[in-house]
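Right, one structure below, let's go through it.
The values are calculated or read from the model by the stated rules, or taken from the named source; none is laboratory data. Owing to the predicted nature of the structure, the values given are computational and were not obtained by experimental measurement. Note: ideal-geometry Cβ built from the backbone for every residue, glycine included; neighbour counts use all protein chains shown.
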Amino acid sequence: MAAVRFFGVMTLQILVVEDHGDTRRVLTGLLGHFGHSISAADNVESALAFVRAKHFDAIVSDLALPDGSGCDVIREAKRCQQLTGVALTANDEDDDIMRGRDAGFDYHLTKPIDFAQLRNVLGQIAQAKSGLDA
């Protein structure tokens, strides 16, 4: 599959999983503005339905969700497809970071979200993916 590029950067298929409506809208809008193709879910159940129906390059997920955890999402998603996980959480405690890594998250970002940092992480994911697609 040929990589789609937006201003020289690979366009990623990203699933955003965030239960807070305003945060989800800002994230999806900004990531779409960055040129990525975005799907959005507000809980574990809807996120897993997306994962079963569509291929994603990355999942950007809150850890605390109303019906479970972002860890549940990334664990199941990585069983189904090869993708990169970015955890979003209000906690930067070492045990939260380790729990996320153990579940399969590759990156851990704390809220409030530093959008420059998120863009940098997505750039790293796109660069790694571009190398695989070359």
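Which of the residues spanning region 30-44 are of a type in the set (A, V, I, L, M) and under 18 Å from Ser69 (Cα atoms)?
Result: Ala40, Ala41, Val44.
Could you check Arg79 against (1) outside any helix (DSSP H, G or I); (2) farther than 15 Å from Leu12 by Cα and say which number it fails?
Unmet condition: (1).
Could you tell me how many of the residues in region 65-80 are within 19 Å of Arg24 (Cα to Cα), touching a helix residue (DSSP H, G or I) at 6+ places or on another chain (Cβ under 7 Å) and among the small types (Gly, Ala, Ser)?
1
Run down Ser61, Ser46, Ser39 and say which single residue is assigned to a strand (DSSP E or B) and over 17 Å from Tyr107 (Cα atoms).
Sole residue among the options that is assigned to a strand (DSSP E or B) and over 17 Å from Tyr107 (Cα atoms): Ser39.
Pick from Phe50, Phe56, Phe34: which is at pLDDT below 95 and either in contact with a Leu (Cβ under 8 Å, 6 or more places away or on another chain) or of a type in the set (Lys, Arg) (or both)?
Phe34
Taking the conditions exactly as written (without any contact (Cβ under 8 Å) to a residue 60 or more places away in the chain, more than 17 Å from His108 (Cα to Cα) and assigned to a helix (DSSP H, G or I)), does Asp72 satisfy them or not?
So Asp72 fails the test.
Could you tell me whether region 73-89 includes any residue that is over 23 Å from Ala128 (Cα atoms) and either in contact with a Ser or Thr (Cβ under 7 Å, 6 or more places away or on another chain) or aromatic (Phe, Trp, Tyr) (or both)?
yes
Return the only residue of Asp22, Asp67, Asp57 being among the charged types (D, E, K, R) and within 19 Å of Asp114 (Cβ to Cβ).
Matching residue, one of Asp22, Asp67, Asp57: Asp22.
Has region 52-63 got any residue that is farther than 14 Å from Gln13 by Cα, of a type in the set (D, E, K, R), touching a strand residue (DSSP E or B) at 6+ places or on another chain (Cβ under 9 Å) and in contact (Cβ under 8 Å) with a residue 40 or more places away in the chain?
yes
Take the residues in region 64-116 that are under 13 Å from the mean Cα position of the chain (by Cα), hydroxyl-bearing (Ser, Thr, Tyr) and modelled with pLDDT of 95 or more; name whichever of them is surrounded by the most Cβ atoms within 10 Å (Cβ to Cβ).
Checking each candidate, the answer is Thr84.
Quick one: Asp57 ticks every box in (1) surrounded by 21 or more Cβ atoms within 10 Å (Cβ to Cβ); (2) of a type in the set (D, E, K, R); (3) in contact with a Cys (Cβ under 9 Å, 6 or more places away or on another chain) bar one, so which box is it?
Among (1) surrounded by 21 or more Cβ atoms within 10 Å (Cβ to Cβ); (2) of a type in the set (D, E, K, R); (3) in contact with a Cys (Cβ under 9 Å, 6 or more places away or on another chain), Asp57 violates only (3).
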